[in-house]
Amino acid sequence: MKRVFVLLLLTLTMSAGNSLLAESIKGRITAGGKPVAGVVVTDGENFAVSGTNGKYLLESEDDAKFIYISSPAGYNSPLEAGVVKFYQPKQKEKKSYDFALEQKASDDKKHGFVVIADPQIYAAKEFPVLSEAAADIREAVSKYDMPFHGIACGDLISHDHNLYPEYVNVMSKTGIPFFNTMGNHDMVVYGPSNETTRGRYEDIFGPSYYSFNAGDIHYVVLNDNFYIGRDYFYIGYLDGQQLEWLKKDLSYVKEGTTVVVALHIPTTEGEQDRKQFSYARAGNSVSNHKALYNILKPYNAHIISGHTHTMANHIIAPNLYEHNIAALSGAWWQGELCTDGTPRGYAIFTAEGGKLNWKYKATGKDESYQMRLYTGEDDKSFGENIVANIWNSDANWRVELWEDGRLTSKMERFDAYDPAARELYSNKDKLEHKWIYPSVASHFFRAKPLSSGSNIEVIAYDSFGKKYSQKLRSRSHYDVVIIGGGASGTSAGIRSASLGARTLIVEEFEWLGGMLTSAGVSATDGNYKLRGGFWAEFRDSLERHYGGAAALKTGWVSSTLFEPKVGDRIFKNMAARQSKLSVWYRSTLSSLEKSGSGWRLKVSRDGSASDITAAVVIDATEMGDVAKMAGVPYSIGMDSKHITGEYIAPEQENDIIQDLTYVMVLKDYGKVMTIAKPAGYNPTLFYCSTISKKCTNPKEKNRLWSPQMMITYGKLPNNKYMINWPIEGNDFYLNLLELTPAQRQEELKKAKNHSLSFLYYLQTELGFKNLALADDEFPTEDKFPFIPYHRESRRIKGAVTFGLNHIKEPYKQAEKLYRTAIAVGDYPVDHHHTRYSGWENLPDLYFYPVPSYGLPMGTLIPEGTDNLIVAEKSISVTNLVNGTTRLQPVVLQIGEAAGTIAALAVKRETATSAVKVREVQESLLSKGGYLLPYLDLPADHKNFKAIQRIGVTGIIKGIGANKGWENQTWFKADSLMTVAELAAGLKEVYTHADFSGVADGKVTPENLAAMIAKISGKERAEIEKSLASGWKSWGLGEYSLKKELNRLECAVTVDVLLNPFAIFDVDLKGNLNTAK
């Protein structure tokens, strides 16, 4: 019975492989109207060759889906919508298929090709990072004087085949034609059989196996994804039809020719895999690879593959080499690295005749970046070895360890995990895709140095003799060092590290968060409706901890109140998730000096001195101490109105700063907790802190509240009370800025005693005798916060100075600083001065009304001092403006921007003053941050980024408003826009544009297309077509050519079709620069 079954199966197989020839297909191959001879034509099974007249006759199978050619060397098949059209879909009644080629401008015997693997777009949100990769490829290819093409080794998208058109659009920006390979994620799965998996891919890209030629090299693309048809299960397998086709295809290729075979799943995982196939890993390599190897034996063959998201090079035989290329997406766009530590990127091959040369190019990195070095500090299993991850290496590479300029040993190859990849992909809580895990790889090298103190350099020579080297960076060197773990220092450190910079926070005490935690000011002011970026992350964490937004509304001064210790815990958890971030607690900066373009620092850490270096330093101290140490010019106190032009500023400048406060967190002990009377206690200082018969001459007559209102002002969760009472309460005037640390501590005893006196007054005069300093909040001996609340600091002289007029009328100022915005604020100008002796002679600055604002990037950049960024409350603003920029949500954003600038400076190897404004803004937007404080759309809205981008170009301007305590700015997204208004905005950017002839009145798609045509030089009809096809996908609802458009619709259209934000950078003063 078994024998009968085998015979029956054999009969069916033979029948399937010998179907009747159904029809004759003819056609002609031409280039520039002239015939092209010797072109191979196929239907995927049968073959023909064009004659001297360019004509061919092909006997085609009835079930063939395509008629296609093997594009000959020296010619290009045409590109249509970004797809190489070497094929035509076979039509039932059509009998003739002509192919028109284009002759290449130059000989292609010397040519190049880029290989990408696994771009694997899961969702549209990943297209911007794919665009970065496309731009990188374009730039890399431009350096070669030869024709180039690209090969994509499959998994172009991840199951959502509706993303194909945009994928093609983005990759077309590389400037080279791409030949595509089908991957397992390109299959239509859950169908009845393997034959049904290719439909969506073939609809866009044509046949899933084919060939083409360039110079002396023959290229073959195969489909080795075989769907089993049970759930989502596939194996690596080349079916018999393809193998037979390949034999026939290669019969037209001279033996000894270099043949490049592209497929998705690698043919091998290594020598062991080739010796003994593992059925458990059938989806990881091609199970019938030997059949392919046998077909390729007569040729000099290179197999290129993807699939693994790792890098591996296999010398299978003297004439057979496999390049398993790392993923363009890294670990599925979850990090910069693939799971084996290879940076996301692509391979660049160059051909001269039949000889190939190759290298790997990391996206965004120089081509010389070919390795990463580690020590036992990174992975204990490395012991005393120096370890090099050299991702593009193979068994023929020579790798050497050099110490102090002297070769000391050759490095041995071994298998290992990359420590950075393991850090990134071991914590599943940080990953959107939980199935990602670090991978072991064989491209590691190790050697033990002779001396632990020597200067280490690893030198590697590739198969072509090209030399690469990498020096081991001292573990005492950091990309970014932040002095001060306050509000801005914490956000700066977390954001810097998240962008890849090795970052250190030096913090004097044991907590992170500064005024939000260590100073006890755990009731935030402002930005309640401007919930974006790091500020939103912190708010989200608070809500998760306490059970929702309503749980934070325990007092009436703020809608966000929390226990300081909870804030510290949240910040520490956020910091712990960053593998590149270190925090040194109980540490202070002792000295700072320039060292080349960077800095040399001496830090006192737990009483011991540590010498470190940094590329960039961020001053996040409470009083701008690092800026002073670095010699940055600064101001203290109030500015003269004659200098700043602020009419409410005083006539003469002075050195008066705002009152500080030693905040107290109290709790109800349920028993009398009256403290001993503080030294020098004077109750009259507090009589007017609340409504009282003893209050006869209040300093703020309109701000008297009952004792109960006072005590619940800063009520915290869990029945605690934050006492930060500004109305003749525990504010205290001290100007500590120019004092030594010892002098400051002595003076602060007075402020602490003043707060204790207020507590004693609360207990003995107002009846709150059961309230006392909480014993479960701050881990300090006296139960006070670590530091007081410093409202004002030194204010540096920066690249720009942000004044009140910039806030009140941003579009009327000579400096268009709104174009450079990197943070937002909406709190009034709020100054505390009533504890200053002589306060009554100062300007009345109580909640001076202003619109909300965008803070300029140049306020963080000191004038004349590179690679130092100033944050916290020491930024370059006027004294008046400090009254609003000092608030917690703004300072968190200042830190976020500082960390972003620093990390980008390190990444781009440029000075902080040269970091591009638009790149910083784009990075902040990518994290959900605000640039301008528009209330129209929340940060998670589809078109939020569009109005932010257009807003900072000034093409469409926001409208500010003040309503009581609430300061606002609106984009007026729903308001209709006139042609005159939009034309005026466009003219500010596109100064050459001439809009004469454009119909007046309200903007419509019709006249908007006319305006864009005048700017871009494109045909108006083409633009109208783009509007019609893209409108709904842009989130703009129904479309008609005559529809009157609102400001949002205009903004989105200009953003998509003109993209002025990306094209025109600005300098720190807001001046437009030339195109990037």
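The values are calculated or read from the model by the stated rules, or taken from the named source; none is laboratory data. Small disclaimer: the values here were computed from a predicted structure and weren't measured. Using ideal geometry, Cβ is built from the backbone for each residue, glycine included, and neighbour counts are taken over all protein chains shown.
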Note to self: Just to check your reading of the model, which residue among Val1052, Val1003 is in contact with a Cys (Cβ under 7 Å, 6 or more places away or on another chain), among the β-branched types (Val, Ile, Thr) and modelled with pLDDT of 95 or more?
What the structure shows: Val1003
Next item on the list: Residues being more than 30 Å from Ala939 (Cα to Cα) and of a type in the set (Val, Ile, Thr): count how many of those fall in the stretch 793-847.
Entry: 2
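Here's the yes/no breakdown for (1) surrounded by 15 or more Cβ atoms within 10 Å (Cβ to Cβ); (2) under 21 Å from Tyr68 (Cα atoms); (3) of a type in the set (Phe, Trp, Tyr); (4) assigned by TED's automatic domain parsing to the domain that holds Gly38:
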site	(1), (2), (3), (4)
Ala214	yes, yes, no, no
Arg230	no, no, no, no
Lys247	no, yes, no, no
Thr258	yes, no, no, no
Leu263	yes, yes, no, no
Thr267	yes, no, no, no
Glu271	no, no, no, no
Next item on the list: Answer yes or no: is there a residue in the stretch 666-682 that is modelled with pLDDT of 95 or more, within 51 Å of the chain's Cα centre (by Cα) and of a type in the set (A, V, I, L, M).
Entry: yes
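For the condition at pLDDT 95 or above, of a type in the set (Asp, Glu) and exposed (fewer than 12 other Cβ atoms within 10 Å of the Cβ), what is the one hit in Asp659, Asp655, Asp731?
Working: Asp659 fails: exposed (fewer than 12 other Cβ atoms within 10 Å of the Cβ); Asp731 fails: exposed (fewer than 12 other Cβ atoms within 10 Å of the Cβ).
Answer to the selection: Asp655.
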Checklist line | Candidate set: the stretch 822-855, residues that are under 30 Å from the mean Cα position of the chain (by Cα) and aromatic (Phe, Trp, Tyr); chosen: the one modelled with the highest pLDDT | finding: Tyr853
Margin query: Can you say whether Lys254 is at pLDDT 90 or above, surrounded by fewer than 15 Cβ atoms within 10 Å (Cβ to Cβ), out of contact with any Lys or Arg (no Cβ under 9 Å at 6 or more places or on another chain) and under 25 Å from Phe349 (Cα atoms), as far as the supplied structure shows?
Written below: yes
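Each row is one residue, and each column tells you yes or no for (1) touching a residue at least 60 places away in the same chain (Cβ under 8 Å); (2) loosely packed, with under 15 Cβ neighbours inside 10 Å.
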| site | (1), (2) |
| --- | --- |
| His941 | no, yes |
| Ala946 | yes, no |
| Arg949 | yes, no |
| Ile955 | yes, no |
| Gly960 | yes, no |
| Trp965 | yes, yes |
| Phe971 | yes, no |
| Leu982 | yes, no |
| Leu986 | yes, no |
Checklist line | Candidates Glu1006, Glu1022, Glu1044 - the one that is surrounded by fewer than 15 Cβ atoms within 10 Å (Cβ to Cβ), in a helix (DSSP H, G or I), of a type outside the set (S, T, N, Q) and assigned by TED's automatic domain parsing to the domain that holds Arg949 | finding: Glu1022
Item checked: Flag for Tyr461 being touching a residue at least 24 places away in the same chain (Cβ under 8 Å), outside the structural domain of Ser582 (by TED's automatic domain parsing) and over 19 Å from Pro343 (Cα atoms) -> yes
Note to self: Given the options Ser582, Ser590, Ser595, name the one that is in the same structural domain as Val891 (by TED's automatic domain parsing) and at pLDDT 95 or above.
What the structure shows: Ser590
Item checked: Restricting the stretch 42-87 to residues that are closer than 21 Å to Tyr167 by Cβ and of a type in the set (Gly, Ala, Ser), the residue that is farthest from the chain's Cα centre (by Cα) -> Ser77
Checklist line | Residues (touching a residue at least 12 places away in the same chain (Cβ under 8 Å), within 19 Å of Leu246 (Cβ to Cβ) and not basic (Lys, Arg)) located in the stretch 186-200 | finding: Asn194
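Taking only the stretch 730-750 into account, find how many residues are of a type in the set (S, T, N, Q) and part of a helix (DSSP H, G or I). If you could, list the steps in order and put the result at the bottom.
Filtering the stretch 730-750 for residues of a type in the set (S, T, N, Q) gives 730, 735, 740, 743, 745.
Next, from what is left, pick out any that are part of a helix (DSSP H, G or I): 743, 745.
Matching residues across the stretch 730-750 total 2.
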Notebook entry, point to check: Restricting the search to the stretch 728-744, which residues are within 45 Å of the chain's Cα centre (by Cα) and more than 22 Å from Leu516 (Cβ to Cβ)?
Noted result: Tyr733, Asn735, Glu738, Leu739, Thr740, Pro741, Ala742, Gln743
Check: out of contact with any Lys or Arg (no Cβ under 7 Å at 6 or more places or on another chain), modelled with pLDDT of 95 or more, over 22 Å from Ser474 (Cα atoms) and among the acidic types (Asp, Glu): does that describe Asp394?
Finding: yes
Check: In this structure, does Val616 turn out to be closer than 29 Å to Ala420 by Cβ, in contact with a strand residue (DSSP E or B) (Cβ under 9 Å, 6 or more places away or on another chain) and in the same structural domain as Gly895 (by TED's automatic domain parsing)?
Finding: yes
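Results for (1) buried (at least 19 other Cβ atoms within 10 Å of the Cβ); (2) in contact with a Pro (Cβ under 6 Å, 6 or more places away or on another chain); (3) among the aliphatic types (A, V, I, L, M), shown as yes or no for each residue.
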position	(1), (2), (3)
His545	no, no, no
Ala549	no, no, yes
Lys580	yes, no, no
Gly598	yes, no, no
Ser604	no, no, no
Item checked: Pair list, Cβ under 7 Å, 6 or more apart: the stretch 735-758 residue among the acidic types (Asp, Glu), other residue modelled with pLDDT of 95 or more -> Glu747/Leu734; Glu747/Leu736; Glu747/Leu739
Check: Filtering the stretch 1037-1049 down to residues that are under 32 Å from the mean Cα position of the chain (by Cα) and at pLDDT 95 or above, which residue is nearest to Leu937 (Cα to Cα)?
Finding: Leu1048
Margin query: Pull out all pairs, ordered by first then second residue, where Cβ-Cβ is under 6 Å, the residues are six or more apart or on different chains, the first lies in the stretch 26-45 and is part of a strand (DSSP E or B), and the second is among the basic types (Lys, Arg).
Written below: Arg28/Lys55
Check: Which residues, taken from the stretch 677-699, are touching a helix residue (DSSP H, G or I) at 6+ places or on another chain (Cβ under 8 Å), exposed (fewer than 15 other Cβ atoms within 10 Å of the Cβ) and more than 13 Å from Ser755 (Cα to Cα)?
Finding: Ile691, Lys694, Thr696, Asn697, Lys699
Checklist line | Search result, residues across the stretch 595-613 that are touching a residue at least 60 places away in the same chain (Cβ under 8 Å), in contact with a strand residue (DSSP E or B) (Cβ under 7 Å, 6 or more places away or on another chain) and not charged (D, E, K, R) | finding: Gly598, Trp599, Leu601, Val603, Ser610, Ile612, Thr613
Next item on the list: Say whether the condition of being of a type outside the set (Phe, Trp, Tyr), in a strand (DSSP E or B), modelled with pLDDT of 95 or more and closer than 27 Å to Pro843 by Cα is met by at least one residue in the stretch 705-727.
Entry: yes
Next item on the list: Go through the stretch 807-821 residue by residue and tally those that are touching a residue at least 12 places away in the same chain (Cβ under 8 Å), over 24 Å from the mean Cα position of the chain (by Cα) and not in a helix (DSSP H, G or I).
Entry: 2
Next item on the list: Check the stretch 513-528 and report whether any residue there is out of contact with any helix residue (DSSP H, G or I) (no Cβ under 7 Å at 6 or more places or on another chain), aromatic (Phe, Trp, Tyr) and without any contact (Cβ under 8 Å) to a residue 40 or more places away in the chain.
Entry: yes
